[in-house]
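See structure below.
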Amino acid sequence: MSKKTTRALLFLGLLASFLALPVLSASAVTPTQVTMKITGINKSSVKEVLIVGPKTAVRKKITTADLSGTKTIALPASFKNSAGKYAYSVHLIGLDGKYLGPVSFKTSTNKYSVNVIADPSKTLDIKNIELKTGYGQSSLTLGAAKFGKVLTGNTNFKPAGAGTRGLVKRSSTALFSVLPLAGVTCGTTDQTLGTDCDSDGIINALDADDDGDKVLDIADTSTKNYESQKFTPWSTLFLSMTTALNANIGSFTPEELITGIEAAVGGENTFNINFFLNFTSEVAQSYDAVWVDCGSVAYCANTESATAIGGAPSQQLGNGYNNLYCTEFNSGGGCESSPLWRTVPGALFDANFAATAVTGTGIFNGLVRSVVGGNYGWAGAMQPRTGAGTLSKVVVGDPYILKLRTATSGAVTEMPVSLGGFFITVPAIKSVNGTAIDYEDPLGTRDNPIVIDSDGIMDLSFWRPQRQSVAAAGETSAFMDMGGLRYGLIFGSNDGEALVATGQQRETGCSSISGGAYVSVPTDISRTPDTGDSQYRINVWPLTDTKSDSAASSSSDIDITFDFGNCFDELAAAPSGRRFTLTGSGNIVSVSLTAVGVDLGGGASRGAQSFYIDVSALK
């Protein structure tokens, strides 16, 4: 099926939020070491070993010589727990940087554990590690006081989350409190990156579902405050009526849908992976360089074949960034050809948005330090640009290492993060006022906008966005409708359109309070509480889906009735800095039907379908 292509903004403005986080200590190397040997017929598939401690990590490449001998890895002092012991878990990474799973050990109690507790200043010989499906099996039996709490519900070495990216249902009785390397319990927050709150064998920093409720962390309010979530990259997928992708659009064959997804997620200017480090301003300023080491993850590795392109985290910083790193410019002063991310060491912006390049050797995939509302923060974004085969190249659980250089000492701290669940399609309009959308020639384009009558009312039906299914987690559908998301109609203020912003804010929405713009919503959609606070009266995604993930189904849609007249009256009465009025020269308004995950402290994953409405009757 032929589809028109549209260019979207390369990077959206970040939702800045600065929460307290302790300053990270430098990782001084001590005599403590780990030795290991990879065995088994699949040993050539193991390319890296990742060892994760309470707050930092060590990642080492596996060479041909290592495969025929023994790999020795020194551990930093930051691996010590509160008892002065070295506490860690061992993980294997394979071809193209894909996560192969944790290493599991038998214990002296005939149970199994994925974490180790070792005496300081001694070498622990992990012995032979055989690669299995979704995990590695060590021939070492850990003695008393050499392991953490054991995996529950297992009768052999295989962790419950092996091969599922941690997406596995765990009953409440199967949860253990926390790995002892943290010294705390899993409650409202986990305190370290080495914690495994659902005992599935996949530590939170690498788990797509930290608490085992089969709700992806990107949409799970119960895990949004976990320590590991403060560094999780979030993604965005923005499409239009002519480029819309959804498993329930009947005009797509499965092959066409896969082709379209790979063109969008692996293409140009539609899909972004965004990094925002949730620091206090003081902590952010203590670092003078932050970059993302992708190891063997092919699209963003520090190799000539890496395809990911990078950029500033917002339009406001764009020109300064472009002046540093772009070689070709269009008439508007922006990047005509964006730089490969691996060629960018990062940038430091001052309060006037003047940029200087980060300096130093061995720095690539750099992030940007900028000032937002007087507070400093680190952020950045990339597009994988992986083209055909994207769904096998960009995968949930892709492991990255954040590297942070302390300004005063030059010490570098390593922090493990991974790509969480992400949208591969967007919410898509099914019908407007009872008329089904024909995606061969869709209503809602700029040239064929949806006309809003003088009563301002529109009945809208739309399908939920999808993610990839995980067969190892028992999902048999090709695509899964994503549950637990927040939704809203977001309006833009653009040249030549009817809606005009009186302040700097360039996107807005209306509340779901009683008597507001959202006249009716289904029973499985909850409204943002009617508190009367101004923040709820100007809300971009005030509806929350209470349904869980389920197999994609064309009958599983969401029907709402929206009053545009009431909404625009509400926006015109908003405080001046957030006021929008229908005083523009044009008669159309751009709208984004947006699905959003939970706020991870600096932003949230978004999937959106943009369309246009004609508001002539309301002006």
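All of the numbers you see were taken from the coordinates with simple rules; none came from a lab. Remember, predicted model here, so these are calculated numbers, not experimental data. Please note: Cβ atoms are built from the backbone with ideal geometry, for glycine as well, and neighbour counts cover all protein chains shown.
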Restricting to lysines and to Cα separations under 18 Å from Lys71, and discarding same-chain partners fewer than 8 apart, the set is Lys37, Lys43, Lys47, Lys60, Lys61, Lys122, Lys127
When only Cα pairs under 8 Å and 6 or more residues apart are kept, what is the percent relative contact order across the stretch 428-618?
31
J(HN,Hα) series, the stretch 228-236, from Karplus relation 6.51 cos²θ - 1.76 cosθ + 1.60, nearest Hz, glycine and proline x:
5, 6, 5, 10, 5, x, 10, 10, 9
Hydrodynamic radius of the stretch 428-618 per Kirkwood, over alpha carbon pairs, in Å:
17.3
Gly387 neighbourhood, Cβ < 12 Å, K/R = +1, D/E = -1, net charge 0
Just to check I understand the Karplus step: with θ = phi - 60° and J = 6.51 cos²θ - 1.76 cosθ + 1.60, what whole-Hz values come out for the stretch 455-463, glycine and proline as x?
7, x, 8, 9, 8, 10, 10, 9, 8
Angle check, please: helix 254-265 long axis (alpha carbons) against the longest principal axis of the chain (alpha carbons), in degrees 0 to 90, nearest 10.
80
Note down the nm distance, to one decimal, between modelled labels 7 Å out along Cα→Cβ at Glu255 and at Thr70.
5.4
The residues Ser251, Ser305, Ser296, sorted from fewest to most surrounding Cβ atoms within 10 Å, come out as Ser305, Ser251, Ser296
Show me the three semi-axes of the equivalent ellipsoid for the stretch 234-418, from the C-alpha gyration tensor (sqrt of 5 times each eigenvalue), largest first, rounded to whole Å.
30, 19, 15
7 Å from Cα along Cα→Cβ at both Ser514 and Ser45: what's the point-to-point distance in nm?
5.8
Residue order, fewest to most surrounding Cβ atoms within 10 angstrom, among Phe611, Phe364:
Phe364, Phe611
With an 8 Å Cα cut-off and a minimum separation of 6 or more residues, compute the relative contact order for the chain in percent.
14
Can you compute the equivalent ellipsoid semi-axes for the chain, i.e. the square root of 5 times each eigenvalue of the Cα gyration tensor, sorted largest first and rounded to whole Å?
43, 27, 22
The stretch 234-418 - percent relative contact order, Cα under 8 Å, separation 6 or more:
28
Using alpha carbons only, how many degrees (0 to 90, rounded to 10) separate the axis of helix 315-325 from the longest principal axis of the chain?
60
Cross-link partners among aspartates and glutamates for Lys403, C-alpha distance below 12 Å, same-chain residues fewer than 8 apart left out?
Asp288, Asp293, Glu414
Under the rule of at least 5 residues apart or a separate chain, name every residue whose amide H is placed under 5 Å from the amide H of Lys547.
Gly484
So what's the projected area for the stretch 399-453, the Cα convex hull averaged over all directions, in nm²?
8.5
Taking other Cβ within 10 Å of each residue's Cβ, how do Ile126, Ile457 sort, fewest first?
Ile457, Ile126
